[in-house]
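No value in this document is a laboratory result; all are computed from the given coordinates. Keep in mind that what you see is a predicted model, and the values were worked out from it rather than measured. Every residue, glycine as well, gets a Cβ built from its backbone with ideal geometry; the counts of neighbours run over all protein chains shown.
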């Protein structure tokens, strides 16, 4: 029994050694790059409808501004009755000029006008006395005609003196400089003692008509097409106060230098709304069809925003973009790959330039419903 067992061991040992040596000599199978490639979901860029909000900033300016200057020259300012920030009514006196130089001229002209009127009345009476004496032989025809000519001349003189009196009275009335419109005084440059110069120099006052201040928001040409008169907007002031506005006017032209247009947003009369200030408007219910990508496809790093584009050879490369409006999981691509490009749907995927992937086509992004506001001039993050 022991002899048979020893014989079996002697047979198995060489056999196992042979099998071991045979296994060590067999080559291992090679793993290709294609086999190592990850399966990644990709989407194709295309035009999508984004509905949401659009933000833009601009300056606060008066809707209509009135300038106030004196209408008579050579008179010294005696009193200034209003100041910056006051609200005035149309026709309200703002400045009074010293009337001393005009008072004597006014009295003299009143006397001359009265004298001319008396002379005209006397000449008219004399002409009436010879009214029916033509060819009567009482007076010569020459004397009759002379009285009639004198009456007409006296009346003409009276009319001229009356016109001169009206001119002096008008100038006297202009010694009170009044507000041409109702509204808020934005600027005052006049001081007591200044000399008036008609129609020349810096306006004494600038008035915002009806105290209305509006936002002149600047938008790009593409965004301008999405705004319409009557559209509502929320305007945030530097103080943090939010006021509700309505689009009054959309600019009919684009600045050739900046390529921006202006949207005028009418704001309520509020002490927090100050001309010359700054405001940021958020326009609601803005919709439009744009080239868009899923938000998940946008990656942000030190070089800015980008997407990973899948080439014909299924290798990926980084493509920088400029993002625009957002809505419903979509981001507008102002600059970036063209429509039809395949991009990696999930930017969080750990991929580097040149990596080979197995693309899995996904459904195109769905239409947006709402979105947080984005600026009309969005820089790459």
task: Using R₀ = 22 Å, calculate the FRET efficiency as 1/(1 + (r/R₀)^6) where r is the Cβ-Cβ separation of residue 253 and residue 210; round to 0.05.
output: 0.25
- line: In nm, the gap between the two label points placed 7 Å beyond Cα toward Cβ at residue 131 and residue 78 is 4.8
- request: Pop a pseudo-label 7 angstrom from the Cα along the beta-carbon direction at both residue 152 and residue 315 and give the gap in nm to one decimal.
  value: 10.8
- line: Going fewest to most other Cβ atoms within 10 Å around each Cβ, 301, 223 line up as 301, 223
query: Length gain on complete extension for the stretch residue 121 to residue 202, per 0.36 nm per residue less the alpha carbon to alpha carbon distance?
result: 24.3 nm
message: With the crude spin-label approximation of a point 7 Å out along Cα→Cβ, what separation in nm comes out for residue 93 versus residue 169?
response: 1.8
message: Using 0.36 nm times the number of residues separating residue 270 and residue 37, minus their current alpha carbon distance, what extension gain do you get?
response: 77.6 nm
